[in-house]
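Computed from the coordinates by the stated procedures, all read-outs in this text should not be read as laboratory data. All figures in this text were calculated on a predicted structure; none of them were measured in a lab. Reconstructed Cβ throughout: ideal geometry from the backbone, glycine too, with neighbour counts over all protein chains shown.
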């Protein structure tokens, strides 16, 4: 019978690998807008995030994250809320390529970006939202409301699980072959 030390090392390696495959690894991360995202793409993505359950109340005119009143700031907050509410699941920070994962906390002043599911706030279901007024966002589409528009569903342009099957499959294979390796060592 093999000693327990090699098996312990293998199990530790598997655990560390599984944490990295999952993408969370225990460290904080935030979902923010990409600097090259267009106004129209951000507007569409912001509408989707708020309609799909992101906590967008802090983005209202009396909210802690209303200022700066820019599409980039509002979309970053909404994207991060959506991402955190879904426990940083693979694909939950994509929004048709308008967002990216940041390792640096984007919080500023009294606007605190949640870094976990428990801090994401707001209801876990889509909410009815109210268009913002007095916006100073420069774009041909300034008359469009910040919230509402897209509703989540099969026709949504954002497939939250677009990358999940490959990650889940990788985790399954890793677990399967690691189990086979452990069984071969123990036998």
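Structure data summary
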| item | result |
| --- | --- |
| Label-point gap, in nm, between residue 28 and residue 116 - each point 7 angstrom along Cα→Cβ | 1.1 |
| Extension gain (nm, one decimal) between residue 67 and residue 36, 0.36 nm per residue minus Cα-Cα | 9.1 nm |
| Inter-label distance for residue 180 and residue 96, nm, one decimal - labels placed 7 Å from Cα along Cα-to-Cβ | 4.2 |
